[in-house]
Amino acid sequence: MTRPLRVAMIGYGFMGAAHSVGWRQAPRMFDLPREIEMAVVVGRNPDAVASAAAKWGWAESATDWREIVGRDDIDIVDIVTPGESHAEIAIAALDAGKHVLCEKPLANTVAEAEAMAEAAARARVRGIRSMVGFTYRRVPAVTLLRDMIAEGAVGTVQQVRAAYRQDWLVDPETPLAWRLQKEQAGSGALGDIGAHIIDMTQFVTGLGVERVSGTIDTIVKERPLPADGSMGLSNGAGAAEKGAVTVDDVAIFTGRLANGALASFEATRFATGRKNALTIEVSGDRGALAFDLEDLNSLRFYDRTAPEGRQGFTQILVTESQHPYVSAWWPAGHLLGYEHGFSHQVVDLVNAIADGSDPHSSFDEGLCVQRVLDAVERSSAAESAWTRVGAPIPAL
């Protein structure tokens, strides 16, 4: 019999919890071609990572990712660390013959993402697979949205409106964190949540973003240092001391898609009252489709070909067994949630490893998103001038 795939997860914060749910639930709910073993979780704080291992179901914990990546009994490396370490860990893991799942955005810079894509290409020749964790692709309603566009439900795509709005930074007394430091996070709202709407737009339409015009801004430029000294910036003054925010709080930009259509994008962590509001609406000459993550079991469809007196947005409840991923879960109308996308991510990766195919979203697709992020920053620095994304767009 083929032995189980043994997984090492590097990092154990919020995304570590979500990924752990995925690794634990997927083999119990889906008929996977390979068994999964949650072998080890890795973090710098030995007590904290040991507690995470016990809580989330990992067999052991460790503090040295290099040692774990070099172990012969590890098959998959799952990277959920801040962006500054993605490239180093992923390249080392791929070169060591491990399959890699890496959280988005792929890297902090285009150069790092290019190096990661090159490592993935080298590894692919040896049958080693890699995937970026754009989990919202795997919400059943989003996958259905993609499928309906491909089938011609909206006709020719003419316009896209995509936004990801949160409000967790509205309070200026919210302490400084790694997500607010460019050297660790790469960018702010643009990379953290803007990456999702860029990827989703390209995924559902099959069209790459080729040019952008945009502006990024930092609304609160200094924040209190955390009292526990976790940022490593305190001079002893404690939480009263402040540190600079070095990333953007909001990014608003326009994109020109490969077919000439315009897309508008908004990524902000200052949208008061919005907790996790990812929305996308795709309009075409035959109809339109709209999705809202805060109502993630539904898709809204407008059919322009219907009789004039019966036109209007209608709700599709995406819980039937024929809908993407749903057949492994509950009866129709029994809703799925945020965490289910992480199980679907595991399903797609394990199936690709088993059948020798390249999973999506690939490192090439992650690099494509990274180039769009970079182009938005360059456009903002040039007073919102139209800026080419550059380089070929991969097959989406």
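Condition test on His323, is it part of a loop (DSSP other than H, G, I, E, B) and not hydroxyl-bearing (Ser, Thr, Tyr)? It is true that His323 is part of a loop (DSSP other than H, G, I, E, B) and not hydroxyl-bearing (Ser, Thr, Tyr).
Looking for whichever is free of Cβ contacts under 8 Å to residues at least 40 places away in the same chain, assigned to a helix (DSSP H, G or I) and either at negative phi or open to solvent by 70 Å² or more (accessible area, probe 1.4 Å) (or both) here; the options are Ser61, Ser20. Which one fits? The conditions single out Ser20. No other residue among Leu349, Leu373, Leu335, Leu367 is of a type in the set (A, V, I, L, M, F, W, C) and touching a Gly at 6+ places or on another chain (Cβ under 7 Å) apart from Leu373.
For the criterion of being touching a strand residue (DSSP E or B) at 6+ places or on another chain (Cβ under 7 Å) and of a type in the set (Ser, Thr, Tyr), Tyr302 passes. Restricting attention to the stretch 301-314, does a residue exist that is in a helix (DSSP H, G or I), at pLDDT 95 or above, open to solvent by 80 Å² or more (accessible area, probe 1.4 Å) and in the same structural domain as Ala195 (by TED's automatic domain parsing)? Among the residues of the stretch 301-314, not one is in a helix (DSSP H, G or I), at pLDDT 95 or above, open to solvent by 80 Å² or more (accessible area, probe 1.4 Å) and in the same structural domain as Ala195 (by TED's automatic domain parsing), which makes the answer no. Name every residue in the stretch 218-229 that is in a strand (DSSP E or B) and surrounded by 15 or more Cβ atoms within 10 Å (Cβ to Cβ), in order of residue number. If the condition is that a residue be in a strand (DSSP E or B) and surrounded by 15 or more Cβ atoms within 10 Å (Cβ to Cβ), then Arg223, Pro224 are the ones that fit.
Being within 30 Å of Arg388 (Cβ to Cβ) and of a type in the set (S, T, N, Q) holds for only one residue in Thr174, Thr218, and it is Thr218. Inspect all residues belonging to the stretch 378-393 and state whether any of them is in a helix (DSSP H, G or I), open to solvent by less than 60 Å² (accessible area, probe 1.4 Å) and either modelled with pLDDT of 95 or more or more than 30 Å from Ile128 (Cβ to Cβ) (or both). Yes, the stretch 378-393 has at least one match. Surrounded by fewer than 24 Cβ atoms within 10 Å (Cβ to Cβ) and part of a loop (DSSP other than H, G, I, E, B) - does that describe any residue in the stretch 187-207? Taking every residue of the stretch 187-207 in turn, at least one turns out to be surrounded by fewer than 24 Cβ atoms within 10 Å (Cβ to Cβ) and part of a loop (DSSP other than H, G, I, E, B). If you check Ala177, Ala185, Ala141 for being of a type in the set (Gly, Ala, Ser) and either within 24 Å of Ala92 (Cα to Cα) or outside the structural domain of Ile353 (by TED's automatic domain parsing) (or both), only one passes: Ala185.
Cβ-Cβ contacts under 7 Å between residues 6 or more apart (or on different chains), taken from a first residue in the stretch 193-206 that is in the same structural domain as Gly155 (by TED's automatic domain parsing) to a second residue that is aromatic (Phe, Trp, Tyr) and open to solvent by 10 Å² or more (accessible area, probe 1.4 Å), are listed as His196/Tyr136; Met200/Tyr136.
A single entry from Asp47, Asp73, Asp78 fulfils the requirement of being surrounded by fewer than 17 Cβ atoms within 10 Å (Cβ to Cβ) and touching a residue at least 40 places away in the same chain (Cβ under 8 Å): Asp73. Out of the residues in the stretch 274-300 meeting the condition of being open to solvent by 10 Å² or more (accessible area, probe 1.4 Å) and touching an Asp or Glu at 6+ places or on another chain (Cβ under 6 Å), tell me which one is farthest from Arg137 (Cα to Cα). Of everything passing the filter in the stretch 274-300, Arg274 is farthest from Arg137 (Cα to Cα). Can we say Leu145 is touching a Leu at 6+ places or on another chain (Cβ under 8 Å), of a type outside the set (Val, Ile, Thr), part of a helix (DSSP H, G or I) and closer than 29 Å to Ala113 by Cα? Answer is yes for this residue. For the subset of the stretch 68-99 comprising residues that are acidic (Asp, Glu), outside any strand (DSSP E or B) and within 21 Å of Gln370 (Cα to Cα), which member is nearest to the chain's Cα centre (by Cα)? Step by step, filter the stretch 68-99, then rank; the result is Glu84.
Identify, please: which residue in the stretch 23-39 is out of contact with any helix residue (DSSP H, G or I) (no Cβ under 6 Å at 6 or more places or on another chain) and not in a helix (DSSP H, G or I) and is, among those, least open to solvent (accessible area, probe 1.4 Å)? In this case the residue turns out to be Ala39.
Could you say whether any residue in the stretch 114-131 is of a type in the set (D, E, K, R), outside the structural domain of His86 (by TED's automatic domain parsing) and open to solvent by 20 Å² or more (accessible area, probe 1.4 Å)? Scanning the stretch 114-131, I find no residue that is of a type in the set (D, E, K, R), outside the structural domain of His86 (by TED's automatic domain parsing) and open to solvent by 20 Å² or more (accessible area, probe 1.4 Å), so the answer is no.
The values are calculated or read from the model by the stated rules, or taken from the named source; none is laboratory data. Source: prediction; values computed, not measured. When we count neighbours, we look across all protein chains shown, and the Cβ atoms used for this are built from the backbone with ideal geometry, even at glycine. Just so you know, the surface numbers come from the protein's heavy atoms only, side chains and all, with ligands and any DNA or RNA stripped out. Shrake-Rupley method; radii C 1.70, N 1.55, O 1.52, S 1.80 Å.
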